1. What's the extension gain from E11 to D395 if we count 0.36 nm per residue and subtract their Cα-Cα distance?
2. Work out from phi, with θ = phi - 60° and the Karplus expression 6.51 cos²θ - 1.76 cosθ + 1.60, the ³J(HN,Hα) of each residue of the stretch 611-628, listed in order in whole Hz, and give x for Gly and Pro.
3. Between S457 and N532, what FRET efficiency comes out of the Förster formula 1/(1 + (r/R0)^6) with R0 = 56 Å and r the beta carbon distance, rounded to 0.05?
4. Sticking with the crude label model, points 7 Å out along Cα→Cβ, report the distance from V663 to R682 in nm, one decimal please.
5. Residues with amide H under 5 Å of L5's amide H, sequence separation 5 or more or different chain, H placed in the peptide plane at 1.01 Å from N; which?
6. 7 Å from Cα along Cα→Cβ at both K89 and K443: what's the point-to-point distance in nm?
7. Quick one: Karplus J couplings for the stretch 25-33, per residue in order, coefficients 6.51, -1.76, 1.60, θ = phi - 60°, nearest Hz, x for Gly and Pro?
8. Pop the C-beta distance of D259 and V496 into the FRET formula with R0 = 35 Å and round what comes out to the nearest 0.05.
Amino acid sequence: MPKELKLALAERTEDGISVFKFSGTLGVEGATGVAGLFQACLQEKVFKIVVDLKDVSFISSAGIGAFLSVVGELRSRGGDIIFVKMSDKIARVFESLDVLDFFTDALDISSAKVKLRAIPTAETVTEEPEKGPIELLPRADRQRNVFRNLLSLLAAYSDILGGRGKLSEKLARVLGITASYLSLAELAIVSLTGDYDLPEVNIAGGPPPATNIVRKQLADALRGKPPEIPGNVRGLSRESKSWLRDADVHLVFPLTYRDEVVSALMVGPKKSGTEVLPEERRILRYLHGSINLLYENVKLKETSTEIENTEELRADRVKLHKKLIETETLYMVSKELASNVDIRKVFPVLLVILVGQMGTDKAVLLIRNESGTFEVAGVRGISEARTEGFTIRVDKGIAAELAGKKEPISIDVLSMLGEPEDKKSVEAMTEIGISLIAPVIFKDKLIGVVGLGPKVSSTFYSDDELRLLGALLNLAGISIENARLFSKITETYTDVVRAMVSAIEARDKYTRGHTERVTRYANAFGRGLGLNADEMQTLMLGAVLHDVGYLGVSETAITEPDGLTDELRAEIQKHTIVGYQILKEIKFLEKSLDIVKHHHEWWDGTGYPDGLAAEEIPFGARVVSLCDSLDAMTSDRRYRGAKEMDEVVNEIKSNSGTQFDPVLAGTFVNMLSDGTISIIERK
C-alpha cells in the first residue's frame, strides 16, 4: 500500500476555524503525524477543525485512530472535526470499523463552518489574575512560532508541489522559500543517478559539478541511512569527501524514488554562519518529506473498482472491507514493531492503530517496569495529566486477573473483585473511561496491560475484534521483549567499557572519575541545547566512550610525572584512533564513533587526528570537546591546581574560534553562568 500523505492548512478564519486539506494516502506513518498535528492544535487552542478529504485515496485504521483519539477532547472544549467531500470509498472504511456515525460531516467547507459556529461555546474556566506580566521563555516562544510557521510552510509546499507546472519549477520554488525563511546561503537537490529523469535544482549558486563516480558513491553511502545525516558522510573516497567540503554541505537528506536513493537534498551554511537550530531542522525534515512524497506521486497510479451499492451486497462488502483492514493492520504493526528496537517510538503507533481498529476513542498502555509494577507508557484520547502517577500492582487486581485468564476482560467483570486494594486500579481505569482491559503476554508472562474505551458505536466488542486485539498484542509483546533485550545488551556493553575506562583512570589519581563527569556535563549541555532523544543517546554514548582508546596507551604516558616528551605526547594522541578502531565494528555505536575519533579536533584545524576545521568537525565531537576541557580545567593536575570558575570562563572565551566552536562556546558559557551546567564536586 502506498505510504504518502500531503496535508496543508488551507484557511484559518478570524473566529478560530482551521481548514486542513488532505490528499494522497493516510497510512500508519501519516497517522502518527496527523495525531501529532491535532495535539499541537489542542495546545494552541485550535478546537474547530475542518478536514477536506476529497483527494484522499486510502485511509488505514491507524488514520481513523488519529481522528478518533482527538475528537472527544475537541468536543469537550466546544469544538469538533468536520469532514467534507469524503468519497464513498473512504466512507466505507469508516463504516467497516463501525465509526462512520460517530463523526460529523458536511457537503462543503462553507456548510462545515456553519456547523462549527453553531456549537455552544465551552464554559470558560476563570483563572486567578497574574501578579505581574510574565514573559514566555524564549524556547516556548520559539515552539509556538515553529508551530505556526510549519503550518504556513506545509500549506505553501502543498500548494506548490500539488499544483501544475514542471517538476523543476516546483522544486525551485519550495527550495527558494525555505532558503529564504531559514537564511540559508545554499540549498540544492543533487541528482545521484541518471536512471530517472529527475531534475537538479539549486539556490544561490549551489555546489560545484559532481563526477559520476562521486554521485554513485554518495548514492551507495546514503542507502539505508536515516532521513537526516551530517554533511561529513561516512564511507566515501577522498574525491567524494573533497567534493562535499568544496560544496560546503552541512546536512544531507537522501531522496528516494522506487525505493532507490536517486537524489539528495543538500543544505549549506546559514548566511550568518551559525548552526541550523533543532527547530529549523524540523522545517528541513518537512521539506524533505514533501519532496519524497512528490517523487512517490510520480510513480503512483490510482486504480479503482466500481461496486454496486445494493442492499444485497452491502453486508458482504462491509465484512470484506473489515477483513482487508484487519490484514493490513496486522501487516503494518508487525512491520513497524519488527523494524524498531526503540520501543518508545512504537508505543504511539500501536495505540493509534488500536484506537482506529477497535473503533474506540480512548486507549492506555501500561508496561511492567523493573520493580514489578505496571506504569503508563502511552495514552490516546486521554489527557496525560489524568494518568500521571497511575500504576498497577503485578500481583493484585487487574494484573492478577489478566495473568490468570490471558484474555481481554470487561471492566464490569473486574469491578466485582473483592479486596478494596484490588478495586482501586479498576476504579482508576473506570474514571478515565476504560471499559475493556487486555493483556500483553510474552512466554506466558504478563508484561503489559492495554485499556480500551467503549466503542464509539455503542456496540459491544465482537469475538472477531477481540481475536484481532489478541493477535496485535502478541506482536507487541514480542517486540517489547526484543527491545528490552537489545537495551540490556547495549547497557551491558557500555557498562563493561565504562568499567575498563574507570580502571584506566584509576592508574592516575588526577584523571579518576573524568569520564563520568564529562558524561554528566554532556547530558546537561545536550538538554540545554534542546537535542532530541536520538541525538541525546548518540551524545551520551560518545561521552561515555570518548577516552576508551586509552586502553592502547602505556601507563608511562598516562602517569609520567616529569612532563611528556614528544614521543609520549604522540602516543597519547593516538587514543582517538585506537578508540575508533576498538568500537568501529559495533553497529549500535556507529553514530557515536565520530565523537570518539574527533573530540580533540580544533575549530581552527590544528587539532588531531585529522586536522578537521570548523563544521567539518562533527557536532557531537564539538560538544564533548567543551565538556572534556571543562573537566580538565576544573581538575587538579600534577603541574597545577584546579582553576576557578572565572578562569575557566575566560579561557573558554579566549579559545572560542580557535579551539572551540564559537557559537557552542558562547552557549556553554551562558549555561555555566545560569546554572544549567554546574561544576561537579570531587569526592
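1. On the way: separation 384, 0.36 × 384 = 138.24 nm, distance 5.30 nm.
Here the segment from E11 to D395 would lengthen by 132.9 nm.
2. Along the stretch 611-628, the couplings run x, 5, 10, 6, 7, 5, 6, x, 4, x, 5, 5, 5, 5, 4, 5, 5, 4 Hz.
3. About 0.90, to the nearest 0.05.
4. With each label point 7 Å from Cα toward Cβ, the separation is 3.5 nm.
5. T25
6. 4.6 nm
7. So the J values, rounded to whole Hz, are 10, 9, x, 5, 5, x, 4, 5, x.
8. On the way: r = 38 Å, r/R0 = 1.09.
Efficiency computed from Cβ-Cβ geometry: 0.35.
Only the coordinates and a few stated rules stand behind these numbers; no lab work does. Just so we're clear, the structure is a prediction, and the values are computed from it rather than from any experiment. Ideal geometry is used to build each Cβ from the backbone, glycine not excepted, and the neighbour counts take in all protein chains shown.
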